[in-house]
Amino acid sequence: MTQYIVQRVIQTLVVILILSVICFFLMHLLPGDPALSLLGEEPTQEEIERVRAELGLDRPVIVQYFSWLADAVRGDLGTSIKYREDVTSLILHRLTPTLHIGVVSFVISVVLGVAAGVIASIRRGGWLDSLITISANLGMAVPNFWLGILGIYFFSLYLGWLPVQGYVSPAEDFWESTKRIIMPCLVLGCSSMAGLARQTRSSMLEVIRQDYIRTAKAKGLKRKVVLYKHALKNAVIPVITLCGLMLPNIIGGSVIIEQVYNINGIGRLMLTAVFDRDIIVVQGCLIMISITVALANLLVDISYGYFNPRIRYR
Amino acid sequence: MKRNKGMQSRRWLLIVGALALLLVMAACNANGTKSNDGSSDVTDENENHEATNEKDQYGGVLKIGYSTAGIQALGLSSDIRLIEDMFVSSVALESLGRYEGTKMVPHLAEKWEADPASQTITYYLREGIKFHDGTDFNAEAVKWNLENFIEHRAELDDISEITVIDEYTLEVKLKTWNQRMLEEIPFYSISSPTAYQEMGRDAVLMHPVGTGPFKFVEMSHDEYVKFERFEDYWQEGRPYLDGIEFILFADSTTASAAMKAGEIDIYFNVPAIYAHELSQLENITVQTNETGLGALMTGLIYDSANPDSPFANPKVRRAITHAIDRDAIVDALQYGFSFATTQWGSKTSPTFNPDLDLEYDPEKARQLLADAGYPNGFKTNFVIGTDSTNIRFGEIIQAYLAEVGIEVELEMIDSGRHQELTVAAIGEPWDGIIIWSARGDYDVSFFMPRTFSPQGLTYAHNLQHYEDMQELYTLAKTALTEEEWIEFSRELQRLAFDEYAIATPLYISTMPTAIHKHVHDTGINSGHPTRFTPENIWIEK
């Protein structure tokens, strides 16, 4: 297992390196000049040259990349062009709301999605199954930003139950924090929840038809034991795979959710950085997101062994 | 039977659970944010409110929302370039003068005296004013600010010498007389030189230390900027508020919803569509600015420097001036929150030339095109942004130009590419027509050369330039009387938009700002849109 983990970490490092090269050069290919976005409406030639020199943008792109890489391997992700702040601290500050919303959204979608899938499978053909299947299809089809705006209009403006926007840390005010993240978490987790419900339902239906389930029932085992110990544990492997695939979606989805709910997280930081051509921040965000996703996928892979002891890593 | 009972009890549990969730959420409502219905309570309070004694005016934190791409600088005039940054910093930084309508009146200065003959302006400063760091506001501080500005920006380059006469008197000598300096010098805000020396330039940029009614507390990039009441403010009994909090919004829909829900008291510079929506609500007023000062003017500008372009011919450019119904665009696209204009600045401004006929007349447009050698029109390109308002704008222009025979293809580019094409220092030409943005201030001798002169900072690299206009800029700038200045400015308008038709102004934003009716005496949009009267604002309890 240790060898497997080491191999995966090495693979992840290679992936991050390749990503950093692609991202850096793609950002340079984009039209637009970071110096111009800093200088606003009417910059002079002298101002543009001064800012480019200050930011090191007057050097060849390859030199800029290796200079950034040399600092990055020493743990220094550089200084933001736009914010004139250390990128590592900028990212760490913005990571809190994104992770908070991402984790809660993940938990909600797994719990509700798997539960809905199980219910739909054991009530196959009934009204509950139809309701869950239709809702899941809708959940997958509806775009996040539209659902987010609809949520604001219904829960904040019409009913007045929840705040429209903003983020409060749970350490500061737990209740206020919870009120503010309910909507973003549900919206962010909606499509994942729907996907999980569909996957769980189909996996469960497949497993329920297996001979060993029939045998377990014939042995007189309780329905709960048959369902949750024998059927669900076997049906859950593709669901875990899907959970692993959900993580990048949840982080990617935060870009839209943070815009809609005015949350100052990593998604909003990355989007602003792309628009302002703040290459250093985009690189930093990308590395942070790659590490998070790689770690999450590693955890998913390791968890396979727990749910199905036949799976072993060499 | 037993199984059915179990199922029933689980259903009940589900129903009870759902009810509990509803109750919890209802409790949220009781503790928390104001709903739309709640806002109508505020209106009732307004109706009941007749006379408020001054004591009741004190207290409260005002929340102002605005949509922006971020904060660039708040602490130094030389670096504050965005109108949003100017607006935010104005609660902490004040200037020698303030606009009342279109008139610049003294603020930190008690008065100023101009002597065009000797090319000097003498400023007499108010005494007893302190910066937030406890240091004195005096002539030395103003001198330091002006010198720092000149070192980094070009707007005050006409200043040749600044002399401190005594602690509260300052003389500014100009290289040549420039009437514009009477408005420019008092406009820029004054920061504490001591704070700059102690904290350093980078720190001061994001930490304004001025003489304003509110002191900077903290900021979080893209999130908020907080200010608290400055106890030693120089105006007796002011400010009323305990603090002001600016909240940055990434999305206008969210900002508008936050305004409706009462999470913010003011929404600054609302996009027209939301201004229209908010103006329909009883508890909100939308203040507009009719001066054109500091507001964004939108129009069309052409690749006239390209000899192969149809737009190299002034008749073609003049044809477009007559081909577009500006009033219809303002109604359809701006919901009335802009005013149509055919020249630089508003129709009510002194430099607007009333003798020019540049109104919508498609027949005249067709005739001009035929005179220019294009009786059957031609094909061209229109470069616009990628957001929905820009696309709608592009489609409307496309339709108007099609009516006179010009076939327009829309080329959509993002803001980064737009800057590359329009910043003269980059020098990359666009092809055909491009959307034109400029400040709609009516002092044409100051603002027009920024685009229309060979030294212009935007668009100038792809335009034809005219000698007589260059001469008029200087004449208007150095005019000794207002009459002369008006005469030269109006001639500039004629040359720029009629004879040479370098560009086609269409409309100027009224910078709509939505304000909840429980907020009073904001002074927003009473002069320059980036300044208001934060010291006078009070919130009705």
Quiz item: Using modelled amide H (1.01 Å from N, peptide plane; none on Pro or chain starts), what sits under 5 Å from the amide H of B:Arg439, excluding residues fewer than 5 places away?
Solution: B:Met297
Quiz item: Where does the charge balance sit around A:Arg201 when Lys and Arg score +1, Asp and Glu -1, over other residues with C-beta under 14 Å from its C-beta?
Solution: +2
Self-check item: Of A:Ile134, A:Gly148, A:Gly252, farthest towards positive along the dipole that unit charges on Lys, Arg, Asp, Glu beta carbons give region A:113-262
Solution: A:Ile134
Practice problem: Calculate how steeply helix A:232-260 sits against the longest principal axis of the alpha-carbon atoms of chain A, using the helix alpha-carbon long axis, and give the answer as 0 to 90 degrees to the nearest 10. | Solution: 30
Practice problem: Nearest 5 is fine: what % of DSSP beta bridges in chain B come out antiparallel, could you say? | Solution: 75
Practice problem: Go through region B:219-231 residue by residue and turn each phi into a ³J(HN,Hα) via Karplus (6.51, -1.76, 1.60, θ = phi - 60°); whole Hz please, and just put x for glycine and proline. | Solution: 9, 10, 3, 6, 10, 7, 9, 10, 10, 10, 4, 9, 5
Practice problem: Report the equivalent ellipsoid semi-axes for chain B in whole Å, largest first, defined as the square roots of five times the eigenvalues of the gyration tensor built from alpha carbon atoms. | Solution: 43, 37, 20
Self-check item: 3J(HN,Hα) from dihedral phi, region A:114-124, Karplus parametrisation 6.51/-1.76/1.60, rounded to Hz, x for glycine, proline
Solution: 5, 4, 5, x, 5, 4, 4, 6, 7, 10, 3
Quiz prompt | Amide H contacts of B:Ile129 (H built 1.01 Å from N, under 5 Å, at least 5 apart or other chain) | solution = B:Phe137
Quiz item: If r is the Cβ-Cβ distance from A:Leu128 to B:Val217 and R0 is 51 Å, what FRET efficiency results, to the nearest 0.05?
Solution: 0.40
Quiz item: Hey, what's the Cα Rg ratio for region B:301-423 versus the globular rule of thumb, 2.2 N^0.38 Å?
Solution: 1.10
Quiz item: Each residue of region A:76-87 in turn: what ³J(HN,Hα) in whole Hz from Karplus with 6.51, -1.76, 1.60 and θ = phi - 60°, glycine and Pro shown as x?
Solution: 9, 7, x, 10, 5, 5, 7, 8, 6, 10, 5, 5
Quiz item: Which one of A:Gly113, A:Gly160, A:Ile101 has its Cα pushed farthest toward the positive end of the charge dipole of chain A, where Lys and Arg give +1 and Asp and Glu give -1 at the Cβ?
Solution: A:Gly113
Exercise. Would you be so kind as to identify which of B:Ala272, B:Ala501, B:Pro375 lies farthest towards the positive end of the dipole of the protein assembly as shown, taking Lys and Arg as +1 and Asp and Glu as -1 on Cβ and the Cα centre as origin?
Key: B:Ala272
Practice problem: Could you calculate the contour length gain from B:Asn53 to B:Asp387, that is, 0.36 nm times the residue separation minus the distance between their Cα atoms, to one decimal place in nm? | Solution: 115.5 nm
Self-check item: Average beta carbon contacts from partner chains per residue of B:410-420, 10 Å cutoff
Solution: 4
Practice problem: In nm, give the distance between the simple-model label positions of B:Lys111 and A:Ala70, each being 7 Å from the Cα along the Cα-to-Cβ direction. | Solution: 6.4
Quiz item: In the structure displayed, which of B:Lys215/B:Lys517; B:Lys103/B:Lys364; B:Lys111/B:Lys477 lie more than 32 Å apart, Cα to Cα?
Solution: B:Lys103/B:Lys364
Quiz item: How about B:Lys55: which aspartates and glutamates have a C-alpha closer than 13 Å to its C-alpha, ignoring those fewer than 8 places off in the same chain?
Solution: B:Glu540
Quiz item: How large is the dipole of the protein assembly as shown about the Cα centre if only Lys and Arg carry +1 and Asp and Glu carry -1, each at its Cβ, rounded to the nearest 20 debye?
Solution: 8300
Quiz item: Taking chain A as a Gaussian network, where each spring joins two C-alpha atoms under 10 Å apart, which residue of A:Leu286, A:Leu17, A:Leu112 fluctuates the most?
Solution: A:Leu17
Quiz item: Taking amide hydrogens as modeled 1.01 Å from N in the peptide plane, which residues meet the under 5 Å criterion relative to A:Gly40, leaving out close sequence neighbours?
Solution: none
Quiz item: Percent relative contact order of region B:354-455, based on C-alpha pairs within less than 8 angstrom and at least six residues apart?
Solution: 26
Quiz item: Tell me, what is the FRET efficiency for B:Asp357 and B:Ala402 to the nearest 0.05, using R0 = 35 angstrom and their Cβ-Cβ distance as r?
Solution: 0.90
Quiz item: Can you give the relative contact order of chain B as a percent, counting alpha carbon pairs under 8 Å and 6+ residues apart?
Solution: 20
Quiz item: From Cα coordinates alone, what are the radius of gyration and Dmax values for region A:181-276 in angstrom?
Solution: 19.4, 66
Quiz item: Stretched out fully, how many nm does the piece from A:Ala218 to A:Leu26 gain, at 0.36 nm a residue minus the Cα gap?
Solution: 63.0 nm
Practice problem: With only Lys, Arg, Asp and Glu charged, each at its Cβ (+1 for the first two, -1 for the last two), find how big the charge dipole of region B:379-448 is about the Cα centre; round to the nearest 20 debye. | Solution: 80
Quiz item: Using 0.36 nm per residue, how much length does the chain from A:Thr88 to A:Ile18 gain when fully extended, once their Cα-Cα distance is taken away?
Solution: 23.2 nm
Quiz item: Helix A:61-73 versus the longest principal axis of chain A: what angle, 0 to 90°, nearest 10, using Cα atoms?
Solution: 60
Quiz item: Hey, with R₀ at 30 Å, roughly what FRET efficiency would B:Asp136 and B:Thr163 work out to, going by the Cβ-Cβ distance, to 0.05?
Solution: 0.95
Self-check item: Antiparallel bridge percentage (DSSP; both residues within the protein assembly as shown; nearest 5)
Solution: 75
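About the Cα centre of region B:407-526, how large is the charge dipole given +1 on each Lys and Arg Cβ and -1 on each Asp and Glu Cβ? Please answer in debye to the nearest 20. Show your work: numbers first, answer last.
Values: 7 positive and 20 negative charges, 108 e Å.
For this selection, approximately 520 debye.
Here, each number is a calculation from the coordinates, and none is a lab measurement. Treat the numbers as computed from the prediction; the structure is a model and nothing was measured. Glycine gets a Cβ as well: all are built from the backbone with ideal geometry, and neighbour counts include every protein chain shown.
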